[in-house]
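Each reported figure results from applying straightforward, stated rules to the coordinates on display, with no laboratory input. All figures in this text were calculated on a predicted structure; none of them were measured in a lab. Glycine gets a Cβ as well: all are built from the backbone with ideal geometry, and neighbour counts include every protein chain shown.
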Amino acid sequence: MNYIFVTGLAGSGKSLITSVLSDSLEEDGWGVARVNLDPSAETIPYVPDYDIRELIDSKTIYEKYGLGSNGSLIFAMDLLAGNLHAFLPVLESFDLDFAVVDMPGQLEIFTFRQSGPFLLNNISKENKLVLFLSDIIALFDFQNFISAEIMARILSARTNAPTIHAINKIDLSPQDTEKIKKYIEIKSPEELNSLNERYLFNAYRHIRKIAPETTHVLVSAKTKENIWQIKAYITRVFKGGEDRRE
Ligand SMILES: Nc1nc2c(ncn2[C@@H]2O[C@H](COP(=O)(O)OP(=O)(O)OP(=O)(O)O)[C@@H](O)[C@H]2O)c(=O)[nH]1
Ligand SMILES: [Mg+2]
């Protein structure tokens, strides 16, 4: 089974895109498992084939150990990393083409902790792809855009997986969509106005060297615009086609 791990900024649309992308892959004839690996999720917009909250939820941790909401989630992910045997066999029992896995929006588990990369690497050593989501409204200037890019690259490097940086919610702002397209095209620091932007861009260029390939798509989970571009990349990465179910 090929794994698509949906990560990214809090509230960027990870759960909605998990639903929309799974439906869309299914419409193309693929077998898809919808997996919720977010122990802090309150409601999710799809019917999960597996839901980690059956095993552990942040609210119980919060009540039991007296941790705050962020601390509870981090503790829950540590527990999951230490107890793979409790849920991995269920995922492995799915005889399907793809698992689309909805992850928590707390990026610290991927950037500063071992649990995020450990989970991704142990759930699937080879056949995985990271779908990293940002919210177009959060990327309102170049510094925010490049910060999201850096996060996406760090995740890619730490999981050694190809990454799609999906800038979501383009339905909310056609002007910002045009602006982001220009940011994506920037190739050299000389194209930037301020010293801060140039330094950040240079930092990004260095970080890019340690990451496998990443690509960009500008999408809307709400209107489904450009979801096909995510599917095109996914099927290319996994060299899909051979085991397609009709
Ligand atoms: N307009 C618009 N709203 C969206 C889009 N995608 C998601 N949303 C909305 O954004 C809000 C957050 O979406 P979620 O899917 O819960 O986001 P999330 O990344 O899973 O959030 P956390 O798990 O809390 O980090 C919801 O109200 C969604 O309906 C989009 O493409 N356009
Ligand atoms: Mg969510």
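For the chain, modelled as a GNM whose springs connect Cα atoms under 10 angstrom apart, the maximal fluctuation among Glu27, Glu225, Glu185 occurs at Glu185. In straight-distance terms, cross-link reach from Lys179 covers every one of the lysines whose alpha-carbon lies under 28 Å from its own, apart from those fewer than eight places away in the same chain; here that gives Lys14, Lys169, Lys187, Lys209, Lys222, Lys224, Lys231.
Taking each DSSP H run with n ≥ 4 as -39500 (n - 2.57) and averaging over every residue of the chain yields -13500 deg cm²/dmol at 222 nm. In sequence order, segment 25-41 has phi-based couplings of 5, 5, 4, 7, x, 7, x, 10, 9, 9, 10, 9, 10, 9, x, 9, 5 Hz under the Karplus curve 6.51 cos²θ - 1.76 cosθ + 1.60, θ = phi - 60°, and Gly or Pro positions carry x. Each Lys and Arg adds +1 at its Cβ and each Asp and Glu adds -1 at its Cβ; summed about the Cα centre, segment 109-201 shows a dipole of about 440 debye.
Each of Ala138, Phe201, Tyr233 was placed along the dipole of segment 2-237 (beta-carbon charges, centred on the mean Cα), and the one lying farthest toward the positive end is Phe201. Net charge dipole, the chain: roughly 780 debye, given to the nearest 20, about the Cα centre with Cβ charges of +1 for Lys and Arg and -1 for Asp and Glu. Our compactness index for segment 1-142, the C-alpha radius of gyration over the empirical 2.2 N^0.38 Å, is 1.02. Hydrodynamic analysis of the chain uses the Kirkwood radius over alpha carbon pairs. Inserted into Stokes-Einstein at 25 °C and 0.890 mPa s, it gives a translational diffusion coefficient of 132 µm²/s.
Per-peptide packing, taken as the mean over residues of other Cβ atoms within 10 Å, places 125-134, 210-219 in the sequence 125-134, 210-219 from highest down.
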